[in-house]
Structure formats: C-alpha cells, structure tokens
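S.K.: This is the structure, below, for whatever I ask next.
Rule-based calculations on the coordinates, nothing more; no lab input. Quick caveat: nothing in here was measured; it's all calculated off a predicted structure. We place every Cβ from the backbone using ideal geometry, glycine too, and count neighbours over all the protein chains shown.
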Amino acid sequence: MSSNTTDRFDFDTWMHLFEENPEAFEAKRQQEIDRFMADLSDKSRERMGKLQWRIDKERERSSSPMESCLRVHNMMWDSVYGERGLLYGLELLIETCETQEVRQKTAEILEFKRSS
C-alpha cells in the first residue's frame, strides 16, 4: 500500500484495525491513497482521482463491506468488458491495424545511377 516497494500489505493488520477502530482504519486508508497519488504525474493523478471518487461513491452507496467489494468488483469488470471498455479498445485497435495493412500501397523501387 505504501510507495515504499519493500512494504507489504498485511491483510490481517488492516482487518483487525477495521474491526477495532473503523475511524482509524478509514484515516489510514485515506493516508495510503494520498501517499500513492502524490507519486503520480499530474495527468495520472487526475485520472486516478476520478476513479477513486467513483470507488468512494460506490462504497458510500453500499450497505455492507461485502456489497462494497462486489460493487467495486463489478466496476472493474465493466472497465474490461463493458461498453467502450478495454476489450472494445483492443478490438478497435486490431481492426484499425488490419485495415491499415490492407490500405498500404506498394511501390517499385527505382535504382538511380550515380553521375560521374
């Protein structure tokens, strides 16, 4: 979770914190998100900020942690298989490349003799 790559996410520690002190869990979760975002370029930070906002709204709309997890899970799959998702983009790219290959023109290469 931290920007330090040697740190490891410890699920049990986070789970115990959530069970014992949900407010502290939320504060630490936000701190880790902010730390991650601080290391991003401006463009990436803006995109990730929008994604995080969507995730937070799904969490707010959820009546339980499990529902929250399922909502975020569905968001992820929608970004892959949904309308204009990753799969759509890849298929469009393949189609574009195939079309451009057909349109490429061939030409005869002429040899020019050097003048002395």
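S.K.: Check the chain and count each lysine pair with an alpha-carbon distance under 28 angstrom, considering only pairs eight or more places apart or from different chains.
M.R.: Working: Lys28/Lys43; Lys28/Lys50; Lys28/Lys57; Lys43/Lys57; Lys105/Lys113.
Count of close lysine pairs: 5.
S.K.: Test of understanding: in a Gaussian network model of the chain with alpha carbons linked when under 10 Å, which of Thr13, Thr106, Thr96 would top the mean-square fluctuation ranking?
M.R.: Thr106
S.K.: Right, something else. Helix 22-38 against the longest principal axis of the chain: what's the angle in degrees, Cα atoms only, rounded to the nearest 10?
M.R.: Compared with the principal axis, the helix lies near 20 degrees.
S.K.: I need the trypsin sites (Lys or Arg not before Pro) found in the range 1-86, filtered to DSSP loop residues with at most 11 other beta carbons within 10 Å of theirs. Spell out each step's value before the answer.
M.R.: Values: sites: Arg8, Lys28, Arg29, Arg35, Lys43, Arg45, Arg47, Lys50, Arg54, Lys57, Arg59, Arg61, Arg71, Arg84; in loops: Arg8, Arg84.
Sparse-neighbourhood loop trypsin sites (Lys or Arg not before Pro): Arg8, Arg84.
S.K.: Turning to a different aspect of this structure: With axes computed from alpha carbons, what is the tilt in degrees of helix 86-103 against the longest principal axis of the chain, rounded to the nearest 10 within 0 to 90?
M.R.: Helix 86-103 sits at roughly 0 degrees to that axis.
S.K.: Read through the labelled values (i) 43; (ii) 35; (iii) 62 and report the label of the one computed as percent of Cα pairs over 21 Å apart from the structure.
M.R.: Recomputing percent of Cα pairs over 21 Å apart here picks out (iii).
S.K.: Taking square-rooted eigenvalues a ≥ b ≥ c of the alpha carbon gyration tensor, is the range 53-100 rounded, prolate or oblate, where a/c under 1.5 means rounded and, failing that, a/b exceeding b/c means prolate?
M.R.: On the way: a/c = 6.42, a/b = 3.91, b/c = 1.64.
Because a/c hits 1.5 or more and a/b exceeds b/c, the range 53-100 counts as prolate.
S.K.: Report the GluC sites (Glu not before Pro) located in the range 32-91 that are in a DSSP loop and have at most 16 other Cβ atoms inside 10 Å of their Cβ, or state none.
M.R.: Working: sites: Glu32, Glu46, Glu58, Glu60, Glu67, Glu83, Glu91; in loops: Glu83.
Sites meeting the loop and neighbour criteria: Glu83.
S.K.: Stretch Asn74-Asp34 to full length: gain in nm at 0.36 nm per residue minus the Cα-Cα span?
M.R.: Working: separation 40, 0.36 × 40 = 14.40 nm, distance 2.39 nm.
Length difference between fully extended and current span is 12.0 nm.
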